[in-house]
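Working notes, structure below.
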Amino acid sequence: MYGSKMCIDKDMYTHLIILIMKFLEEENFKESLQALEQESKIFFNMHRFGEIVMNGEWEKAEKYLSAFTKLDDSNHSKKMFFELRKHKYCEALCRENEQLSWYTNATSSRAKLIDNLKLLVKENRILQDKLIFPCVNNSALSSLIKLICPSFEKETKEELIYLIHQFLNEEEFKETLHKLEQETRVFFDINYFGEYITSGEWDNAEKYLSAFTNMNNNTYSAKMFSQIQRQKYLEAVDRQQKLPSDFAERAHLFDDFKVLVERNPMLQDKLKFPSMDKSRLLSLIKQIMDWWVPYCINVMPNANNETISLKDFPTVSNLRYASSIIADKPSQEGRPLDASSGDDSNDSSCFNDNNQSRESTSLPDADSAVCAKSLEKSVNLKLQLINEPSECRTLLLPDNSFGGKVVRLIYSHSGDFLVALTQTATHKLWKWQSNKQSLEEENVNVEPQLYQPSSKLVMTNDIAADPKDSISCFALRGSHLFSASGGKISIFSLETFQTLATFANPPPIATYFILLPQDLFAFGFDDSSILVHCPFTKKTKAKLKGHQNRITCLAYSLSLNVLVSSGADAQLCVWDAVGWKKLCSKFLHSFQTGLVPETTVVNHIQFHPDQIHLLSIHEGQIDVYEAPTLNHISQLVPDKMDLPITYATYSCDGKCIYVSCKSGHVKVFDTSTLELRCQINLTAYAQPGTISLELYPLVIAAHPSEPNRIALGLTNGRVHVIEPLESEVEWGKLPFTDSREFSTTFGSTALE
């Protein structure tokens, strides 16, 4: 594992260091670059080392060498340290003895030393693989960032510096970090400055301050420099008199400095560090590299077989999700990126992976890894609360049988019929009149027919031998229904209810399946495998392995041509639907704890109508990701009284998310803001006399053309269709009255 905050491989970590080095070189941040060479130990810059030696900076030369090798590492290392110390001693001796200075010329002597050192470096097994810097295109790091933030340009270089700054801080490259602060002047770390003050390192304090301001800039700067020089003089006098240092006095002085810094116009706008996810730069690079490695890195060996070319990055619309790399710079003073400093809120920039929505423009703080603290979001709005049947339109579908809990529910593509699968492996089919006029006038007041063919057949699945294996799933293909309840997969005719065929005899048990283009199906199984198969030709296209537990759901994006799978291992995987290779994966985690939830089952996933955003439903949280990179957009956590979540789905237009809870509540959220627009309580749709703690919706089916109409499958086997009153445009848009309004806080919205 490389990188202190997230798992990436060594090559990717090295690539990122190289990209940062290239950026520092292009911007002429020489001290930062040299410090990064030493702290990362990836590249031994022989040219820089030679310059230091030629300048006679012997302590600096030994420090640079010591970053890569120690005296006792090898004979070659020992010889290098010996040569440096010998020349340092000889030159010092020559300076003290004028007669000896006639016998040597410092320039020629140092040049010969450099030649000898070069030979020793090349022969040194510890250094010989660190001598060649890969050929990297100019602005390579910026070009990569543009893949996700196309508006990122040179004028937003400051934002890239913030990303690098965070990375350096997390990797504990402290010397590079503070050199970069001084060379870029974008962030004044008052706590770092304070360490110099309280420890009495007055020269270092003055040097750090001088990078940002000078004595002549303003009265605040003049006072700060004067106090440093005064205190330096006073402590020098104290040392001569062998008096102890007064730490309390230094601490008091630092308090005075903080006031001066905050009032200083040269410094006051450099004290706040922007909020971003942990390991944000690593996360961005990992997303891009995981997806675009074949395009981003074209390895063309040169004579040294060491060249990496980062060029010809493609412009891809589905990777562009932010209008800017950062939207705001909220208050966060001192150490900017400690794990304890995140306060997650709503950033719309590329800095944050867990934006509440694309439209968000303001931001307090975030995290990734990529994990974040949870933000308690007070939704001070007038929320429509529906308690009574008179406050919405509801229809209990006719049913003369009780076949157990409704575990699956689906509308036809035209919305003219609805199919339910119960826990007892039986199906129910309701049909609305199919003439055009009745469909146009259709609402929940139009009762459908519980369809029963003349044959009186019942569509019944094979049941698993062990009841705990009775996982139910089905899919529609025209007038045919593919269905399973832990046994074989059955193909039924929806006209006659006849079983046309069965296949996939367990084990393994089919747990989910969906229709793909070209008459293909993707079948998920309880052994964690996925089979891409044509049941008509009986040909298998691919068998996919990537999960560690049973497959719980599958979703396909036609525009991206990718398949996404979820499992009982808390994992999402993205598969290329051309070569059937795994493109990326991500584990579910809670923003509140930063950990994978104790219950690891991802119950359901669904693509938004835009075919890019992916809804993930877990019993304790709802997450929105962006395919194909699984960039984490947002997370919803209901109040504890509503847990567990039983189901969630997008409306047909994608503008809202319907969420059902074991409490019996159905909640309607705005997709773009995640604000709770409406709450439909059990008393509004359930039959009087049936309401109990054991009655609640298990599944929701969104109507394919009416965005405000949903069907609910309940634990008592009944199905209810509900939609707003005719006077309402949509859920939550009713003119409010006092009896139907309240100010609420719905759980928490966490933002990556």
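The values are calculated or read from the model by the stated rules, or taken from the named source; none is laboratory data. Here the structure is a predicted model, which means the values were calculated and not measured. Neighbour counts are summed over all protein chains in view; Cβ atoms, including those assigned to glycine, are modelled from backbone coordinates with ideal geometry. All accessible areas refer to the heavy atoms of the entire protein, side chains included, with ligands and DNA or RNA removed. Shrake-Rupley method; radii C 1.70, N 1.55, O 1.52, S 1.80 Å.
Taking 0.36 nm per residue of separation and subtracting the current Cα-Cα distance, fully stretching the chain between LYS545 and TYR451 would add 29.8 nm.
Take the Kirkwood radius over Cα pairs of the range 5-76, plug it into Stokes-Einstein at 25 °C and 0.890 mPa s, and you get 182 µm²/s for translational diffusion. Compared with the alpha-carbon gap, the fully stretched path from ASP11 to ARG239 is longer by 76.9 nm at 0.36 nm per residue. With each label modelled as a point 7 angstrom along the Cα→C-beta vector, the GLU59-LYS88 pair spans 0.9 nm.
Taking the Kirkwood radius as the inverse of the mean 1/r across Cα pairs, report the Rg/Rh of the range 111-261. Display every interim value, and only then the final one.
Details: Rg = 21.6 Å, Rh = 19.3 Å.
Rounded to two decimals, Rg/Rh equals 1.12.
In terms of overall dimensions, the range 650-715 has a Cα radius of gyration and Dmax of 12.1, 38 angstrom. Extension gain for the segment LYS538 to THR496, taken as residue separation times 0.36 nm less the Cα-Cα distance, is 12.7 nm to one decimal.
Inter-label distance, SER529 to LEU515: 2.6 nm, where each label sits 7 Å from its Cα along the C-beta direction. Which GluC sites (Glu not before Pro) does the range 156-215 hold that lie in a coil by DSSP with at most 13 other beta carbons within 10 Å? The qualifying sites are GLU172.
For a label point 7 angstrom out from the Cα of GLN268 toward its Cβ, which stretches of the range 172-201 have the backbone nitrogen within less than 19 Å? Taking a point 7 Å out along Cα→Cβ of GLN268, the residues of the range 172-201 whose backbone N falls under 19 Å are 186-191. Using the Cβ-Cβ distance between ASP610 and LYS118 with R0 = 45 Å, the FRET efficiency computed as 1/(1 + (r/R0)^6) comes to roughly 0.20.
Here the calculated FRET efficiency for ASP670 and ALA465, from their Cβ-Cβ distance with R0 = 60 Å, stands at 0.85, rounded to the nearest 0.05.
For the range 500-650, the square roots of the Cα gyration tensor eigenvalues, ordered a ≥ b ≥ c, give a/c of at least 1.5 with a/b greater than b/c, which places it in the prolate category.
FRET efficiency for ALA251 and GLU51, Cβ-Cβ distance as r, R0 = 60 Å, nearest 0.05?
0.90
Remark: the range 248-263, residue by residue, has Karplus-estimated 3J(HN,Hα) of 4, 5, 5, 4, 5, 5, 5, 4, 5, 4, 4, 5, 5, 5, 5, 8 Hz, where x stands for each Gly or Pro and the curve is 6.51 cos²θ - 1.76 cosθ + 1.60 at θ = phi - 60°. Rolling a 1.4 Å probe over the protein chains gives ARG393 an accessible area of about 40 Å².
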